[in-house]
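Quick notes on the structure that follows.
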Amino acid sequence: MSAYAADVAALARKDLLLELRARDTLPAMLLFVVSALTVFHFALPDGSSERAETGLLWIAIVFTALLGLSRAFIAEREQGVLDGLVLAPCDRSAIWLGKTLGVMVFLVLAELVALPAFALFFHPLSWELVAAVALANLGIAAIGTLLAAMAAASRARELLLPLLFLPLVIPVVIGGVGASVAANPGSFLAFLGLYDAVFAILCWASFEYVVTE
Amino acid sequence: MSLLSDHSRGPSLRFGPPLLAAAAAGLLLGGFALAFYWAPEDADQGFSQKIFYLHVPIALTAYACFGWGAWKALRLLWTGERRYDLESYTAIHMGVIFGLLTLITGSIWAKVSWGVWWSWGERQLVLFLILFLFYSSYFMLRFSTEPGPRRERNSAVYALFGVVLIPVSFLAVRIAGTILHPTIFTHEGADLPGEMLAAFCVCLAGMLSLAGALYLVELSGKRIDASLRELKELLA
Amino acid sequence: MTTSEKYVTAAYLVLLGALLVYLLIIALKVGRLEEELADLTRAAREKLGG
């Protein structure tokens, strides 16, 4: 059990260190999310409701996540490292878990910029929104990592990942926006928790079938 | 493992299609006849309720196809036998066709009932839209991946995700309805009287038989295609 | 025909239309498969010294 945890930690640390040195994905995500929020301001006609603005925040988060995810397996692919990882004596699902944790860290860092920017540009945040974003991060990272691995095997991976990702992320958007604007955020937050649990388990169990040759 | 050797599927592929097609013809014609000539007209909706006997069986058949595809996908991951890939693919292919028909007939029903071609408050339609988008991406996944065990496994895992997405989306659309897009219009009426239920069941059985017959025919076609391609390589 | 009846008929015609389109697609497919099979039979005869 602790060997598994050690594998996961090592893999996650590898991704974060690579990013620390290369410094390409995270700055892009940060800049993208602030640019997107700016575009949204101009896309919203005068007098738009706060609810519409909140909805657009979730869109910004989803597409920023997509941006980060499209880079998720790039490093491995370019250096042929994925085959090496798969041959390594660690459990394949550990690769998924390590990668997912790395993606979550990226998302959290991006949101540390995005949420204050949103509060500045539009309207103050509620704690429900922050809780929803935190819950959504797991779901987005979980399915995103698995789908990125699937797309990496295809010929048109930048095109394919958004297509695979968007239908699956619709429930997350429903849960997130609902929790942010509804009078009873509890049920929406509970739903996000359910989504996270169900899909995380599914991804964890099926990842090995996606990366084996 | 060669696909050529998998053609010995026994009688099911030989007699299955004609039997199911005959069953489909009988059950569907019978069911529709019952729906129009025997079942009473709905008090609230009037004649337009007759679309129910078409739309709901198609929707349920689409779900059945997706479920069947997921089952075959699970078998593929479990046993590794390659024939399950084509079977899963064909089932999902059928599911998407029936899903599209669900959306079209549902839209017509919405138009005649409420005067709009689309309503975000109609939960079934919204759910099917999400599933239709999801399973259409399945095809994109298959078309952009080189044939082989990798594609088979990715498709199978994706098919499993789809069947998990069905209840999750159902729940999501349901809670969304309470606050985001209020369900002003709904078809969920009171319990069906006996005659309506009977006619409906016959139509449902007919639609499932139709899907089964089409599934076997389509599977045959795909298998022949694959075998011919294999032969071509062997003879080249 | 009342408006109701028109829409109901349209819905059922959609099913009929879909089946006919499917028939068309299968007919085209069978034609293609037959042609390919003929080509392969010819190639096999040549190769195996028929």
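Answer yes or no: is there a residue in region B:38-51 that is in contact with a Lys or Arg (Cβ under 8 Å, 6 or more places away or on another chain) and among the polar types (S, T, N, Q).
Scanning region B:38-51 turns up no residue that is in contact with a Lys or Arg (Cβ under 8 Å, 6 or more places away or on another chain) and among the polar types (S, T, N, Q).
Quick one: how many residues across region B:125-148 are facing another protein chain (nearest Cβ under 7 Å) and in a helix (DSSP H, G or I)?
Summing the residues that are facing another protein chain (nearest Cβ under 7 Å) and in a helix (DSSP H, G or I) in region B:125-148 gives 6.
For region A:1-46, give me each residue that is β-branched (Val, Ile, Thr) and surrounded by 15 or more Cβ atoms within 10 Å (Cβ to Cβ).
Those that are β-branched (Val, Ile, Thr) and surrounded by 15 or more Cβ atoms within 10 Å (Cβ to Cβ): A:Val8, A:Thr25, A:Val33, A:Val34.
Does any residue of region A:116-135 turn out to be surrounded by 17 or more Cβ atoms within 10 Å (Cβ to Cβ), at pLDDT 90 or above and under 10 Å from the mean Cα position of the chain (by Cα)?
Checked region A:116-135: no residue is surrounded by 17 or more Cβ atoms within 10 Å (Cβ to Cβ), at pLDDT 90 or above and under 10 Å from the mean Cα position of the chain (by Cα).
So how many residues does region C:31-44 have that are more than 8 Å from every other protein chain (Cβ to nearest Cβ) and either of a type in the set (S, T, N, Q) or closer than 18 Å to B:Glu218 by Cβ (or both)?
The qualifying residues number 4.
Just a yes or no: is a residue in region C:2-10 more than 30 Å from B:Ile51 (Cα to Cα), in a loop (DSSP other than H, G, I, E, B) and touching a helix residue (DSSP H, G or I) at 6+ places or on another chain (Cβ under 8 Å)? Reasoning before the result, please.
Kept after step one, since they are more than 30 Å from B:Ile51 (Cα to Cα), are these residues of region C:2-10: none.
Within region C:2-10 (the criterion being more than 30 Å from B:Ile51 (Cα to Cα), in a loop (DSSP other than H, G, I, E, B) and touching a helix residue (DSSP H, G or I) at 6+ places or on another chain (Cβ under 8 Å)), the answer is no, since none of the residues qualifies.
Mind listing whichever residues of region A:23-39 are free of Cβ contacts under 8 Å to residues at least 24 places away in the same chain and either small (Gly, Ala, Ser) or in a helix (DSSP H, G or I) (or both)?
Within region A:23-39, the first condition is being free of Cβ contacts under 8 Å to residues at least 24 places away in the same chain, and the residues that meet it are A:23, A:27, A:31, A:35, A:39.
Within region A:23-39, A:Pro27, A:Leu31, A:Ser35, A:Val39 qualify.
Test of understanding: among B:Gly99, B:Gly106, B:Gly67, B:Gly80, which residue is more than 20 Å from B:Ile130 (Cα to Cα) and among the small types (Gly, Ala, Ser)?
Values: B:Gly99 fails: more than 20 Å from B:Ile130 (Cα to Cα); B:Gly106 fails: more than 20 Å from B:Ile130 (Cα to Cα); B:Gly67 fails: more than 20 Å from B:Ile130 (Cα to Cα).
Being more than 20 Å from B:Ile130 (Cα to Cα) and among the small types (Gly, Ala, Ser) holds for just one of B:Gly99, B:Gly106, B:Gly67, B:Gly80, which is B:Gly80.
Does at least one position in region A:47-55 carry a residue that is surrounded by 12 or more Cβ atoms within 10 Å (Cβ to Cβ), in a helix (DSSP H, G or I) and aliphatic (A, V, I, L, M)?
If we filter region A:47-55 for residues that are surrounded by 12 or more Cβ atoms within 10 Å (Cβ to Cβ), which is where we start, we get A:48, A:50-55.
Cutting the leftovers down to in a helix (DSSP H, G or I) gives us A:50-55.
From what's left, aliphatic (A, V, I, L, M): A:52.
Within region A:47-55 (the criterion being surrounded by 12 or more Cβ atoms within 10 Å (Cβ to Cβ), in a helix (DSSP H, G or I) and aliphatic (A, V, I, L, M)), the answer is yes, since at least one residue qualifies.
Within the set of pairs 6+ apart or on separate chains, which have a first residue in region A:179-194 that is more than 15 Å from B:Arg174 (Cβ to Cβ), a second that is of a type in the set (Val, Ile, Thr) and part of a helix (DSSP H, G or I), and C-beta atoms under 8 Å apart?
The qualifying pairs are A:Ser180/A:Thr54; A:Val181/A:Thr54; A:Val181/B:Ile179; A:Ala183/B:Ile179.
Quick one: which of C:Leu28, C:Leu16 is within 26 Å of B:Gln45 (Cα to Cα) and in a helix (DSSP H, G or I)?
Numbers: C:Leu28 fails: within 26 Å of B:Gln45 (Cα to Cα).
Result of the check over C:Leu28, C:Leu16: C:Leu16.
Just give me the residues in region C:1-17 being surrounded by fewer than 11 Cβ atoms within 10 Å (Cβ to Cβ) and either among the small types (Gly, Ala, Ser) or modelled with pLDDT of 90 or more (or both), in sequence order.
C:Leu16
Limited to region A:16-39, what total is found for residues that are farther than 20 Å from A:Ala134 by Cβ and at pLDDT below 90?
11
Could you identify the single residue in B:Gly46, B:Gly80 that is in contact with a helix residue (DSSP H, G or I) (Cβ under 7 Å, 6 or more places away or on another chain), of a type outside the set (Ser, Thr, Tyr), on the phi > 0 side of the Ramachandran plot and at pLDDT below 95? Before the answer, list the steps.
Working: B:Gly80 fails: in contact with a helix residue (DSSP H, G or I) (Cβ under 7 Å, 6 or more places away or on another chain).
It is B:Gly46.
Check C:Leu28, C:Leu40 and return the single one that is on the phi < 0 side of the Ramachandran plot and either in contact with a strand residue (DSSP E or B) (Cβ under 8 Å, 6 or more places away or on another chain) or exposed (fewer than 15 other Cβ atoms within 10 Å of the Cβ) (or both).
Working: C:Leu40 fails: either in contact with a strand residue (DSSP E or B) (Cβ under 8 Å, 6 or more places away or on another chain) or exposed (fewer than 15 other Cβ atoms within 10 Å of the Cβ) (or both).
Step by step, each of C:Leu28, C:Leu40 is checked, and only C:Leu28 is on the phi < 0 side of the Ramachandran plot and either in contact with a strand residue (DSSP E or B) (Cβ under 8 Å, 6 or more places away or on another chain) or exposed (fewer than 15 other Cβ atoms within 10 Å of the Cβ) (or both).
With the checklist (1) away from chain C (no Cβ under 14 Å); (2) more than 17 Å from B:Thr61 (Cα to Cα); (3) of a type in the set (A, V, I, L, M, F, W, C); (4) out of contact with any Leu (no Cβ under 7 Å at 6 or more places or on another chain) in hand, flag the one item B:Trp117 doesn't pass.
All conditions pass for B:Trp117, except number (1).
Looking at region A:190-199, which of its residues are surrounded by fewer than 19 Cβ atoms within 10 Å (Cβ to Cβ) and more than 9 Å from chain B (Cβ to nearest Cβ)?
To start, the set of residues in region A:190-199 that are surrounded by fewer than 19 Cβ atoms within 10 Å (Cβ to Cβ) comprises A:190, A:193-194, A:197-198.
Passing the criteria: A:Ala190, A:Gly193, A:Ala197.
Among the residues of region A:91-136, write down those that are basic (Lys, Arg) and farther than 16 Å from A:Leu66 by Cβ.
Going through region A:91-136, the residues basic (Lys, Arg) turn out to be A:92, A:99.
Correct list: A:Arg92 only.
The values are calculated or read from the model by the stated rules, or taken from the named source; none is laboratory data. What you see is a predicted model; the values in this text were computed from it and never measured. Cβ atoms come from the backbone with ideal geometry, glycine included; neighbour counts cover every protein chain shown.
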